[in-house]
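I have placed the structure first, in the form of structure tokens, so that the comments after it can refer back to it.
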């Protein structure tokens, strides 16, 4: 451990009788193990019937902070190792999982999947995580105040009404022996601010990051006592045309009352009431009920700067499209959710189109649908189960679920246990019902076990034989999700041309409906991925 010379802190667990239902009860122990590292040189520092989630020592190794969880209650406490077994509670909350040293996985990333399964109420009472820093002997240690009496907790607080209130970062000083807290920092309401690092042991100064929907993230040195701020970085917005786009969060209600969120992006300078051709880009997720879906929205951040990557679909707004990006919920009983996949998907898409049409944002006669991986699979399902779309873009997808017979996504039943569901969810078996023009792409070196390239090849063979309007581009040397600039530029050029031709300004269909396309000239696509070099 830190400050202990040639010593190790070792955690282990064993079993003793007395657990629920007669099962063994787990005991977690923390040892100090000193040279020469024999059984005789081990010393038990603490023992707990709860599940220990993490430990963190002070730099002098005199104080250990422990996070443990038992019967739905999280507990973070400190122990002075020279005082026996007395625990000094920093916080204890039912329904909140205890963590230590930056283990919080509820980062405000826009809330795509909603963080953890913490209780709906205590989630909003986040007490923070013990601040860790580099120890003088290496490793991470808990940060103490100069007098050694206090430590610091930092985190992000969310609100129940995320549409109106953004998450706010905070830092508290907490007296170890009494648990008394003093708020040292709280982020602004009109921006997203978090503490990146303290600049002194007293937490009088700190590096604070700040961003907003119109201000690129930058770092500042802030005096937490006086409020004086010094800008440290001058980051550049490299895609101002992307930042200027009009963004809306639209709540959609489908026929059965299920509510879900759509992130709508419109071209910069958009005039209200202008109906645009639209791309619905999506990736379904499975939930047991509305409450489970709502938990997925808890980390929404209305003050987040709009980040863009090389495959961000919202770039289509620069070409005059409205882009609706969403995660349609598939609801059902645990273990059987996908029995409702086709019906829920159809109802989700219809509800989105109705809401965007009602708002005057889209021309419902000029709609496209698209997605990657499971989103690609769902895109082709949308085109065989609904008549809504003039075109689709589907990448690195699996279109025949018999090729993933041992489960996929959250589906844990195998093909032989849920054969009807597997077949009903497979658009390959209903390729003859496909409407609209489908552009597929697939990476030849796709290593994802659930999306073997053979699926796209066989789907293309089927669509070609059925006389459907379709294209397949296969990209060499790419894995599950294209990465090279050559591939990305080629894809964008083909996507925009495809959408302009079939959605924005559709031309009369030629005599031969099927359009087959090879990969870039430098690497023609093989008939079968197994033949690829």
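The values are calculated or read from the model by the stated rules, or taken from the named source; none is laboratory data. All figures in this text were calculated on a predicted structure; none of them were measured in a lab. Counting neighbours? That spans all protein chains shown, and the Cβs are built from the backbone with ideal geometry, glycine included.
Tell me which residues, restricted to segment 129-144, are farther than 17 Å from residue 66 by Cα and under 30 Å from the mean Cα position of the chain (by Cα). Correct list: 134 only. For segment 244-300, which positions are within 19 Å of residue 369 (Cβ to Cβ), surrounded by fewer than 18 Cβ atoms within 10 Å (Cβ to Cβ) and under 21 Å from the mean Cα position of the chain (by Cα)? Listed by number, the list holds a single entry, 250. The residues in segment 378-392 that are under 15 Å from residue 435 (Cβ atoms) and crowded, with 24+ Cβ neighbours inside 10 Å can be counted, and the count is 8. Restricting the first member to segment 494-517 and to residues that are assigned by TED's automatic domain parsing to the domain that holds residue 277, and the second to residues that are assigned to a loop (DSSP other than H, G, I, E, B) and modelled with pLDDT of 95 or more, no beta-carbon pair is closer than 7 Å while six or more apart or on different chains.
Taken over segment 146-191, the criterion of being surrounded by fewer than 21 Cβ atoms within 10 Å (Cβ to Cβ), more than 31 Å from the chain's Cα centre (by Cα) and in a loop (DSSP other than H, G, I, E, B) is satisfied by 146, 147, 148, 149, 177, 178, 179, 180.
Here the condition is being surrounded by 15 or more Cβ atoms within 10 Å (Cβ to Cβ) and part of a strand (DSSP E or B); of 303, 338, 325, it holds for 325 alone. Is at least one residue of segment 387-396 under 27 Å from the mean Cα position of the chain (by Cα), under 30 Å from residue 277 (Cβ atoms), assigned to a helix (DSSP H, G or I) and at pLDDT 95 or above? Within segment 387-396, not a single residue is under 27 Å from the mean Cα position of the chain (by Cα), under 30 Å from residue 277 (Cβ atoms), assigned to a helix (DSSP H, G or I) and at pLDDT 95 or above.
Residue 65 meets each of the listed conditions (1) in a loop (DSSP other than H, G, I, E, B); (2) modelled with pLDDT of 95 or more; (3) surrounded by 20 or more Cβ atoms within 10 Å (Cβ to Cβ) apart from (1).
Each row is one residue, and each column tells you yes or no for (1) within 29 Å of the chain's Cα centre (by Cα); (2) part of a helix (DSSP H, G or I); (3) surrounded by fewer than 24 Cβ atoms within 10 Å (Cβ to Cβ); (4) at pLDDT 95 or above.
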{"position": "417", "(1), (2), (3), (4)": "no, no, yes, yes"}
{"position": "420", "(1), (2), (3), (4)": "no, yes, yes, yes"}
{"position": "430", "(1), (2), (3), (4)": "no, yes, yes, yes"}
{"position": "438", "(1), (2), (3), (4)": "yes, no, no, yes"}
{"position": "441", "(1), (2), (3), (4)": "yes, no, no, yes"}
{"position": "455", "(1), (2), (3), (4)": "yes, yes, no, yes"}
{"position": "458", "(1), (2), (3), (4)": "no, yes, yes, yes"}
{"position": "461", "(1), (2), (3), (4)": "no, yes, yes, yes"}
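Filter segment 210-219 for residues that are surrounded by fewer than 19 Cβ atoms within 10 Å (Cβ to Cβ) and in a strand (DSSP E or B) and give the result. 218, 219 - these are the residues of segment 210-219 that are surrounded by fewer than 19 Cβ atoms within 10 Å (Cβ to Cβ) and in a strand (DSSP E or B).
Only residues that are crowded, with 21+ Cβ neighbours inside 10 Å and more than 25 Å from the chain's Cα centre (by Cα) were counted across segment 357-377, and they come to 4.
Of everything listed in (1) part of a loop (DSSP other than H, G, I, E, B); (2) farther than 21 Å from residue 356 by Cα; (3) out of contact with any helix residue (DSSP H, G or I) (no Cβ under 8 Å at 6 or more places or on another chain); (4) in the same structural domain as residue 341 (by TED's automatic domain parsing), the single unmet condition for residue 202 is (4).
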